Each structure stands twice: as structure tokens, then as C-alpha cells.
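Step one of this worksheet: look at the structure below.
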Amino acid sequence: MNNEQKRFYPTFLGAAHLVVLYLFIQTIVDFPLAIWDYYHGTEFLYNPLKKIILSVGSISFILYFGYRKAGTSLNKLFPMKWFNPLVFAPIILFLMSAHIFLEDVNRWVDKLLPAPPWFWELFDKIFDNDFGLWGAFLKVVVVAPIIEELIFRGIIMHGLMRNYSNIVAIFFSGLLFGLFHLNPWQFPATFILGCLLGWIMIITRNIWACILGHAINNLLVLLSIEYYIEISEFSFFLLERKEQLHLSYLTAALSIILIGLFATFNRKILD
């Protein structure tokens, strides 16, 4: 008799395979173009038409592949149940406070493993485009959250929640989300964001809630880069660093408690 528990797609290994497959599809096009640009002085790698074709093609394939492997309906794979929108008040507070103390964590990682100059040049290109701030907004705040959440909190989280406990599912989805960005110098931030978004999916069972949470985080990053000088003049950033950290830790802890209370309240309503 086979007593093994039935596994649903994707397990952790299946999710890792899906992420690697997605990265591989992008790499097999990007790498040859990067080599060509390097030796010929062209910029095919950053051609907008290439980006659109590659993005639509690779994303469509991954979503279809994951949907077929999961063997379930779209409304279960990408749930959209009712949730209390007030939960975003503590979520925003947490994200704002986390950005403060994660600066020190990122500096520590950078000291341990200094990032090469070329890496930060590539990172800057994420926000650099021909359409200025609005182009960066469309790419970072609109497109990226939709694509990444459909994959991570949609297909991947769907399988993880069915195969493991909620805590394990949140941890695994956060881990894969952090590794997916291929950025060890910002892994702590992406890992925490991935865990938070996984928790949002557990709480709300709504893919749009995860997309909105992701978009808010990216918007905060974009604004902090574009308006760094203006933001640094706020009274909070004129405090001693130790005071900034204490306030950010306190706000983050309070935010987590409030998110947990909203989760309990939402669960009682659904039950």
C-alpha cells in the first residue's frame, strides 16, 4: 500500500525549477545580445522592442507551463477572494520602517562581499530609460509586480500552500523570490519582501492584494531614489541613526502585530 502523501505542483523543487526555467529563457536571448553589443558597440540588449517581445513570450510560456502543470482552474491558481483593504495601512508602515533598518543590513553584506562597479551600473539601468520617471514607474511599479506576483504568489504559492504548512510556504516563497533577483547585496530586502507577500496571500487569498503590496514597495524604492535629497531633509532623517533604527524597529513590530490582528479578523469573517 502506498502511504505517501500526494504532492501538488509545484513542490519546492518544482518551484525552483520553474524559476530557473524562467531565468534560462531570458538568458538564452540576453547573453548572445550582450556579447554582440560588447564587441560591436551596439545596444540591442536594451532595445524596447526586444524587451517587449522577450517579456511577453517568456512570461506567457512560464504562466501557461505552470498552469498546465498545476492542473487546476485559473480562479484557484490566482485567487481573488474578498479581504479587508485596511490591512494595507500596517503593511505600508512595515515597508517604510523596513527600508530604514535594512540599509544597515545591506551595508554589512556589501562590506562582507563588495559589489563590483559593473553590477551597480546594471542595477541603475533598471530605473534608467528613455521615458524618464513615468517609464521607470511603468516598469518597476506596474509591470514587474504583476509578472512576479502571478508567478511567485500565484503558481508557486498555490503549490507550496497545498504541500507545506503556511510558515514553510511563506519561507520557501520568500527564499525563491530573493534568489530570483540574482542580487546578493539586496537579498535580505527581497527575502523579507517575498515573505511579506507570501503572508499577504495567506491572509487575503487575493492575487491583487499581493500585486498591490509589491507595487507599493517598489514605489517606495523608486521615490527614495528619485527624490533622495528632498526625502533626506525630512525631520525623521535628521535624527541620530540610533534613534532612526529604534523607531523603525518599533514601527515594524507594531505593524506585524496589526497585520496579524487583521489576518485573524479576516479569517473569522470568511469562516
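Read the figures in this text as sums done on the coordinates, not as results from a lab. Predicted model, so just to flag it, every value in this text is computed and none were measured. Don't worry about glycine lacking a Cβ; one is built from the backbone with ideal geometry, like all the others, and counts go over all protein chains shown.
Tabulated values for the structure
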read-out	value
Amide hydrogen neighbours beyond the local backbone of ASN206, cut-off 5 Å, H modeled	LYS81
Three-way shape label, segment 22-107, alpha-carbon gyration tensor, a/c 1.5	oblate
Shape of the chain, Cα gyration tensor, a/c cut at 1.5	oblate
For PHE262, PHE171, PHE234, PHE65, order by how many other beta-carbon atoms lie within 10 Å, fewest first	PHE234, PHE65, PHE171, PHE262
Helix-only CD estimate at 222 nm, as mean residue ellipticity for the chain, using -39500 (n - 2.57) per DSSP H run (n ≥ 4)	-24000 deg cm²/dmol
Fully extended contour minus Cα-Cα distance, from LEU74 to ILE146, at 0.36 nm per residue	24.4 nm
DSSP H segments from the chain that extend 27 Å or more along their own axis, Cα-based, with Kyte-Doolittle mean of -0.5 or above	12-40, 48-70, 88-112, 207-226, 241-270
Separation of the LYS111 and LEU182 label points, Cα + 7 Å toward Cβ, nm	2.9 nm
In Hz, Karplus ³J(HN,Hα) per residue of segment 71-83 (6.51, -1.76, 1.60; θ = phi - 60°; x = Gly, Pro)	x, 9, 7, 5, 6, 8, 6, 10, x, 9, 7, 5, 8
Two-site FRET efficiency, THR42 against LEU86, from Cβ-Cβ distance with R₀ of 35 Å, rounded to 0.05	0.10
Additional length obtainable on full extension of the chain from THR11 to PHE265, 0.36 nm per residue less Cα span	88.5 nm
Label-point separation in nm, LEU220 to VAL168, each point 7 Å along Cα→Cβ	3.0 nm
Gap separating the Cα centres of segment 52-122 and segment 133-211, nearest whole Å	4 Å
Pair TYR249, LEU21: separation of 7 Å Cα→Cβ label points (nm)	4.4 nm
